[in-house]
Amino acid sequence: MRLLTLRTAEGTKAVRQDGGTLTEINGFADVGELLRTENWETTAKAANGATHALDGADLAAVVPSPGKIICVGHNYRNHIKEMGREVPEHPTLFAKYAESLIGPNDDLALPQESDAVDWEAELAVVIGKTGRRISEANAADHIAGYAVLNDISMRDYQFRTIQWLQGKTWEKSTPFGPALVTKDEFTAGPLMTSAVDGEIQQQTPTGDLVFTPEYLVSYISTIITLNPGDVIATGTPGGVGHAQDPKRYLQEGQVLVTSIEGLGQLKNRVAKEA
């Protein structure tokens with residue numbers, strides 16, 4: 001099942017995608033709100049609200065206001081190598097905030113303060129069931145599904161200190177969507193790519209993770225309770241602009257496309273922030 005958050009004249013609506021048709025899930029403003037209810041899967045499957053065409057739909061971030069966005073650094077060996085780091089013994093964690101999220105086709109804000117804006121294609125895990133100290137064996141029970149995310153990074157701000165947060169959560173910088181694909185229809189493994197103006201930059205199977213989605217759910221839930229709608233961004237593979245020689249960063253007018261086979265794609269034009 002594919003669940004999306006649609007912008008309409010009356011506000012956002014949680015919808016189910018069936019081919020080229022989007023069906024409203026009545027009573028729910030977005031996918032995050034839906035996930036916070038019991039039996040959300042049954043509710044979504046039974047939905048028979050107003051319908052909309054997928055073609056030309058104005059989509060918001062699939063979960064527009066997650067309680068937590070926890071990101072993982074150094075989780076693909078080819079990216080660890082290109083950044084000159086060692087394979088970590090434990091996950092490297094940092095946070096984003098909801099203000100950073102944009103829809104799958106929205107403009108990506110290029111801030112006036114940074115000239116080192118980099119791409120980072122990622123597989124996002126969306127939580128569907130509350131849990132604390134979840135065992136790795138039971139972690140899949142707490143995953144609602146998966147989506148595509150790009151952890152856009154302002155490298156000049158990121159590396160001002162040894163703490164990364166200041167380079168990772170700029171407003172209107174993180175495309176997320178287009179859909180939450182439920183776990184029965186997707187398992188980490190298919191190819192993930194990012195391309196700038198049609199030129200492939202990253203191309204790695206999503207199964208090539210150091211720490212799997214299940215391990216990350218278990219590890220993070222040891223630290224803090226995970227709730228429905230929370231997001232885990234599982235890390236980026238090699239091919240980021242900062243590691244190239246010479247370094248390459250996003251420029252105004254470029255188009256960034258991020259895709260994962262089976263999940264869909266994000267297509268974002270880079271536009272200077274007003």
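None of the figures in this text is laboratory data; all of them are computed from the coordinates on show. Source: prediction; values computed, not measured. Every residue, glycine as well, gets a Cβ built from its backbone with ideal geometry; the counts of neighbours run over all protein chains shown.
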The answer for trypsin sites (Lys or Arg not before Pro) in segment 81-141 that fall in a DSSP coil and have at most 12 neighbouring Cβ atoms within 10 Å is Arg85, Arg132, Arg133
Highest GNM mean-square fluctuation among Ser65, Ser135, Ser153, for the chain with Cα springs under 10 Å, belongs to Ser135
Please label the shape of segment 208-274 as rounded, prolate or oblate, based on the square roots a ≥ b ≥ c of the eigenvalues of the alpha-carbon gyration tensor (a/c under 1.5 means rounded; beyond that, a/b larger than b/c means prolate, else oblate). prolate
Taking the Cα centre of the chain as the origin, how large is its charge dipole in debye, to the nearest 20, when only Lys and Arg (+1) and Asp and Glu (-1) carry charge on their Cβ atoms? 420
How much length, in nm to one decimal, is gained on full extension between Ala50 and Lys267, taken as 0.36 nm per residue of separation minus their Cα-Cα distance? 75.5 nm
Dipole magnitude of segment 2-53, debye to nearest 20 (Cβ charges: Lys/Arg +1, Asp/Glu -1, about Cα centre): 120
Using the Karplus curve 6.51 cos²θ - 1.76 cosθ + 1.60 with θ = phi - 60°, what ³J(HN,Hα) values do you get for each residue of segment 41-55, in whole Hz, with x for Gly and Pro? 5, 4, 4, 5, 5, 8, 4, 9, x, 4, 10, 9, 7, 5, 4
Restricting attention to segment 196-274, which trypsin sites (Lys or Arg not before Pro) occupy a DSSP loop and are surrounded by at most 14 other Cβ atoms within 10 Å? Lys247
Contour minus Cα-Cα span, Asp18 to Ser135, at 0.36 nm per residue, comes to 38.7 nm
Report the FRET efficiency, 1/(1 + (r/R0)^6), for Ile200 and Thr8, where r is their Cβ-Cβ distance and R0 is 35 Å, rounded to 0.05. 0.50
So, counting K/R as plus one and D/E as minus one, what does the shell of residues with Cβ under 15 Å around Ile134 add up to? +1
Local electrostatic count at Gly73 - Lys and Arg +1, Asp and Glu -1, tallied over other residues with Cβ under 10 Å: 0
Filter Lys13/Lys96; Lys68/Lys267; Lys168/Lys247; Lys45/Lys129; Lys81/Lys267; Lys45/Lys96 down to the pairs with a C-alpha to C-alpha distance above 21 Å, please. Lys13/Lys96; Lys68/Lys267; Lys81/Lys267; Lys45/Lys96
Pairwise centroid distance, computed over Cα atoms, of segment 49-91 with segment 17-48, Å: 22
Would you mind finding the longest exposed-site-free stretch of the chain, with exposed GluC sites (Glu not before Pro) meaning DSSP loop and at most 12 other Cβ atoms within 10 Å? 114-251
Restricted to the chain, the DSSP antiparallel beta bridge percent, nearest 5, is 90
